[in-house]
2 protein chains.
Amino acid sequence: MKFTVLDSDGRARRGVLTLRHGVVNTPAFMPVGTYGAVKAMTPQELRDVGSEIVLGNTFHLWLRPGLEVISAHEGLHRFMGWEGPILTDSGGFQVWSLGKLRRITEEGIAFASPIDGSSRFLTPELAMELQGVFNSDVAMVLDECTAYPASESEARDSMELSMRWARRSRDSFDRDNALFAIVQGGVYEALRAESLARLLEIGFDGYAIGGLSVGESKAERERVLHFIAPKLPAAQPRYLMGVGTPEDLLHAVVNGIDLFDCVLPTRNARNGWVYTRRGILKLRNAQYRRDLRPIDEECECSTCRQFSRAYLHHLQRTNEILGARANTFHNLFYYQELMHGIREAIHRKTLSRYVESFHEQQQRAC
Amino acid sequence: MKFTVLDSDGRARRGVLTLRHGVVNTPAFMPVGTYGAVKAMTPQELRDVGSEIVLGNTFHLWLRPGLEVISAHEGLHRFMGWEGPILTDSGGFQVWSLGKLRRITEEGIAFASPIDGSSRFLTPELAMELQGVFNSDVAMVLDECTAYPASESEARDSMELSMRWARRSRDSFDRDNALFAIVQGGVYEALRAESLARLLEIGFDGYAIGGLSVGESKAERERVLHFIAPKLPAAQPRYLMGVGTPEDLLHAVVNGIDLFDCVLPTRNARNGWVYTRRGILKLRNAQYRRDLRPIDEECECSTCRQFSRAYLHHLQRTNEILGARANTFHNLFYYQELMHGIREAIHRKTLSRYVESFHEQQQRAC
């Protein structure tokens with residue numbers, strides 16, 4: 001792995017991340033391919049909208065189709081027909097999200113598979129083995145996501161467990177691919193700083209911020225991000241996990257973040273919520289029934305070039321697969337165009353104007 | 001409308017049908033776009049698999065999105081983003097299929113909309129008006145599908161009503177687009193012949209065979225087809241409605257049919273049933289869990305070039321939209337390639353060898 005910062009504008013940076021399967025221009029948004037497919041999209045379409053890297057969910061792929069099948073394809077790339085870079089999470093967040101259905105010990109996390117009820121036990125070592133078989137370009141350490149709310153003492157215990165798991169992850173990771181660590185510590189600055197210090201001691205290829213967007217307020221999230229993001233090593237990629245809205249992305253880029261993933265653009269698309277330069281448009285609303293305009297008159301994606309809001313409204317009302325497809329294509333195109341604009345703005349040192357203009361535009365009526 | 005027969009081989013013919021929105025090479029298969037979208041496909045993909053004409057369902061489009069919305073788009077072409085020829089049915093078959101929920105009189109068919117319960121009344125005149133607003137290249141007369149089983153006297157009454165409706169359809173159709181008639185008469189040869197004679201007296205641009213694939217045996221269907229198909233005017237297109245399997249298509253082409261539509265390839269695709277040169281393959285079956293081969297090793301579609309059976313099995317099991325897409329693309333590619341092969345074989349006067357070879361190949365294991 002190689003990461004080069006090309007330009008910066010304030011804390012924001014534009015860079016190039018070179019991974020085994022290709023090059024990623026940062027700041028970058030990674031569409032989420034939960035089950036080895038970004039919902040409703042083909043690999044070619046992912047390229048067409050401007051994606052250079054996608055995310056795979058270790059938890060979901062481990063349960064279905066399972067290691068054996070992906071191993072038979074020599075990894076996730078051939079399995080899903082995506083030749084570019086892939087980042088996989090460790091599965092920790094999804095297992096943690098099972099709530100009462102899992103039990104966390106020093107050794108790892110025990111849970112019953114929601115698919116077939118089988119007993120499973122996820123350890124840092126197994127998380128590395130799974131991601132090794134997937135042969136993802138970037139693997140993530142196993143961590144425990146700190147609950148929200150959590151007292152400082154609970155957040156400390158949780159963070160310290162994550163740091164021991166980070167050590168074990170590092171020790172058992174035996175691939176040439178990159179391994180990223182995850183900073184925890186809840187909403188407590190001191191714990192965040194301590195978490196980062198411990199991870200730096202171990203040494204990783206990149207650093208992520210975990211445990212945000214789990215229920216805390218926007219103000220808390222921005223406070224933590226503002227505090228910790230600039231402290232992550234400047235020479236390595238910085239990844240804000242599971243975030244977020246276009247506004248969230250802009251705010252994080254301004255604070256120096258390079259990588260993002262989020263299910264919002266794809267999930268919203270399937271529900272008929274589409275992004276425009278004038279805010280979100282809810283296609284199911286009766287007001288679009290006869291609207292001959294495209295989703296966004298300034299958008300040049302294939303959906304906006306072909307289909308009226310009225311047609312997309314109709315596809316949504318009739319649950320046509322083409323509706324999910326067309327909306328997903330548009331939303332990912334929108335996100336990737338946003339990232340492209342961000343990179344251009346950093347290059348030209350006009351990011352603050354770009355952010356301002358974004359917010360101004362969002363105030364207009366759809 | 002212009003129809004030219006280029007070659008023939010026995011009763012089978014190869015032709016070119018020129019419609020307002022383009023040219024269709026026959027024998028042709030029309031994918032079904034029920035709600036103004038061929039399920040899971042974009043207009044570009046329909047072209048990519050080799051489709052030159054698609055079918056729209058008047059009944060469904062009338063109820064959703066309704067006339068007003070399609071009229072605002074100046075017809076179905078702009079609404080659905082398909083620039084090629086479109087054939088629409090009259091809606092009669094779908095209303096007839098409502099069973100006890102509809103009431104048929106001399107004037108037309110009364111029914112309650114399954115969408116919103118509103119009272120609707122479909123007449124030959126309204127069926128022409130609807131298809132006029134859709135601006136389909138080929139409209140179909142309103143007919144009553146004869147039930148199966150039906151006594152000869154019931155079949156006669158039904159056929160005679162359809163013939164009166166055909167007359168009214170013709171009289172009220174005031175577009176330049178083509179209008180096709182539908183031969184009824186159930187499984188009774190004499191009634192079929194009489195139906196055709198009456199329609200020829202009125203005069204239409206093309207002739208369809210309706211009322212098959214409604215419960216009769218394969219032997220009965222083939223008997224009726226064998227009897228009536230060659231009697232349809234040789235200089236005009238012949239359309240077998242709602243049929244069928246690849247085997248059905250071959251049998252009908254041999255009997256002189258030029259046009260087909262059927263939901264089988266698209267519906268089967270969504271259920272994970274895909275066509276191969278060795279018969280149907282059911283992707284959900286456990287035997288494909290680790291199968292690295294494409295659906296059909298001889299197929300050159302984008303699905304077969306990209307994805308393994310194991311991956312498609314996985315997409316099917318996880319209900320991923322990409323699975324429905326990839327399977328639909330493959331199945332329609334398969335159907336269009338079959339039609340292409342048929343046209344080539346007629347041109348070379350080797351159709352009987354082509355049919356034989358098809359059946360031989362289907363005997364092999366998948």
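The values are calculated or read from the model by the stated rules, or taken from the named source; none is laboratory data. Everything numeric here is computed off the predicted structure, so don't read it as measured data. Backbone-built Cβ (ideal geometry, glycine too); neighbour counts: all protein chains shown. Heads up: the accessible areas ignore ligands, DNA and RNA and are worked out on the full protein's heavy atoms, side chains in. Shrake-Rupley method; radii C 1.70, N 1.55, O 1.52, S 1.80 Å.
If you add up the charges near B:Tyr239, with Lys and Arg at +1 and Asp and Glu at -1, over every other residue whose beta carbon is less than 12 angstrom from its beta carbon, what do you get? Within the 12 Å Cβ shell, the charges total -3. For the protein assembly as shown, the dipole from Cβ point charges (+1 on Lys and Arg, -1 on Asp and Glu) about the Cα centre works out to 160 debye, to the nearest 20.
Averaged over its residues, the protein assembly as shown has an accessible area of 38 Å² per residue, based on protein heavy atoms and a 1.4 Å probe. Once the Kirkwood radius over Cα pairs is known for segment B:249-326, the Stokes-Einstein relation at 25 °C and 0.890 mPa s delivers a diffusion coefficient of 183 µm²/s. Projecting 7 Å from Cα along the Cα-to-Cβ direction, the label point of B:Gly279 sits 5.9 nm from its equivalents in the other copies, listed shortest first.
The share of accessible area on segment A:1-151 that comes from carbon and sulfur is 50 percent, using a 1.4 angstrom probe. Counting charges near A:Lys2 (Lys, Arg +1; Asp, Glu -1) among other residues having Cβ under 14 Å from its Cβ returns a value of -3. Considering only A:Ala234, A:Ala326, A:Leu76, and ranking their Cα positions along the charge dipole of chain A that arises from unit charges at the beta-carbon of Lys, Arg, Asp and Glu, the one farthest toward the positive end is A:Ala326. Roughly what angle does helix B:321-347 make with the longest principal axis of chain B, taking Cα atoms, 0 to 90 degrees, to the nearest 10? Tilt of helix B:321-347: around 70 degrees. Assign one of three labels to segment B:1-158, namely rounded, prolate or oblate, based on the Cα gyration tensor with a ≥ b ≥ c the square roots of its eigenvalues; rounded applies when a/c is under 1.5, prolate when it is not and a/b is larger than b/c, and oblate otherwise. Here segment B:1-158 falls in the oblate category.
Of all beta bridges that DSSP places with both ends in segment B:1-150, some 75 percent have antiparallel geometry.
Defining the label point at 7 Å along Cα→Cβ, can you sort the distances from B:Arg364 to the same site in each other copy, shortest first, in nm? So the distances to the same position in the other copies read 5.9 nm.
Taking every Cα-Cα distance in segment B:118-163 and sorting them into 10 Å bins from zero, the calculated P(r) comes out as 24, 37, 30, 8 percent. Helical runs assigned H by DSSP (4 residues or longer) give chain A a calculated mean residue ellipticity at 222 nm of -12500 deg cm²/dmol, each run adding -39500 (n - 2.57) before division by the residue total.
For the pair A:Glu201 and A:Arg267 in one chain, pulling the backbone fully straight at 0.36 nm per residue adds 20.0 nm over the alpha carbon distance. Candidates B:Gly92, B:Met30, B:Phe3 compared by Cα position along the dipole of the protein assembly as shown: farthest toward the positive end lies B:Gly92, with charges placed on Cβ.
Measuring from each Cβ of chain B to the axis that turns chain B onto chain A, the shortest distance belongs to B:Ile321, 3 (residue, then whole Å). Mean projected area of the Cα convex hull of the protein assembly as shown, taken over all directions, amounts to 33.2 nm². The slack in the chain from A:Arg11 to A:Glu107, taken as 0.36 nm per residue of separation less the alpha-carbon distance, amounts to 30.7 nm. Each Cα pair under 8 Å and six or more residues apart adds its separation to the average, and for segment A:1-77 the resulting relative contact order is 22 percent.
Computed from the Kirkwood radius of its Cα pairs, the Stokes-Einstein diffusion coefficient for segment B:56-116 at 4 °C and 1.567 mPa s stands at 101 µm²/s. Here the protein assembly as shown carries DSSP beta bridges of which approximately 50% are antiparallel, counting only pairs with both residues inside. Net charge in the neighbourhood of A:Tyr207 (other residues with Cβ under 11 Å of its Cβ; Lys, Arg +1, Asp, Glu -1) is 0. Each copy carries A:Ala193; placing its label point 7 Å along the C-beta direction from Cα gives inter-copy distances of 10.0 nm, listed from smallest up. Tell me, what is the percent relative contact order of segment A:202-273, built from C-alpha pairs under 8 Å that lie six or more residues apart? Contact order relative to length: 32 percent. In sequence order, segment A:4-21 has phi-based couplings of 10, 7, 8, 9, 9, 9, x, 7, 6, 9, 10, x, 10, 10, 9, 10, 4, 9 Hz under the Karplus curve 6.51 cos²θ - 1.76 cosθ + 1.60, θ = phi - 60°, and Gly or Pro positions carry x.
Cys residues of chain B that find no other Cys beta carbon under 4.7 Å: B:Cys145, B:Cys262, B:Cys301, B:Cys366. Across segment B:152-165, computed HN-Hα scalar couplings (Karplus, 6.51 cos²θ - 1.76 cosθ + 1.60, θ = phi - 60°) run 4, 6, 5, 5, 5, 4, 4, 4, 5, 4, 4, 6, 5, 5 Hz from first to last residue, x flagging Gly and Pro. Each residue of segment B:265-274 was assigned a 3J(HN,Hα) from its phi angle through the Karplus expression (A = 6.51, B = -1.76, C = 1.60, θ = phi - 60°), giving x, 7, 5, 4, 4, 5, 8, x, 9, 10 Hz with x at Gly and Pro. Values of log10 I(q)/I(0) for segment A:235-366 across q = 0.22 Å⁻¹ run -1.29, by the Debye formula with one identical scatterer at each alpha carbon and no solvent. Only Lys, Arg, Asp and Glu carry charge here, each on its Cβ (+1 for the first two, -1 for the last two); on that basis chain A has a dipole of about 1160 debye about its Cα centre. Which residues among segment B:298-318 fall inside the zone where the amide N is under 14 Å from a point 7 Å beyond the Cα of B:Gln361, along Cα→Cβ? B:298-301, by backbone N distance to the label point. Amide H to amide H, with H built 1.01 Å from N, B:Thr26 comes under 5 Å of B:Gly15, B:Val16, B:Leu17, counting only residues 5 or more places away or on other chains. Leaving ligands and nucleic acids aside, the B/A contact buries around 3300 square angstrom of accessible area in total at a 1.4 Å probe radius.
Protein heavy-atom surface of segment A:246-291, 1.4 angstrom probe: 44% of the accessible area is carbon and sulfur, with nucleic acids and ligands not counted. Here each label is just a point 7 Å from Cα along the line to Cβ, and for A:Glu154 and A:Asp116 those points are 3.5 nm apart. Over chain A, Cα pairs under 8 Å with separation of 6+ residues give a relative contact order of 17 percent.
Taking amide hydrogens as placed 1.01 Å from N in the peptide plane, the amide H of A:Cys262 sits under 5 Å from those of A:Met30, A:Val32, each at least 5 positions away in sequence or on another chain.
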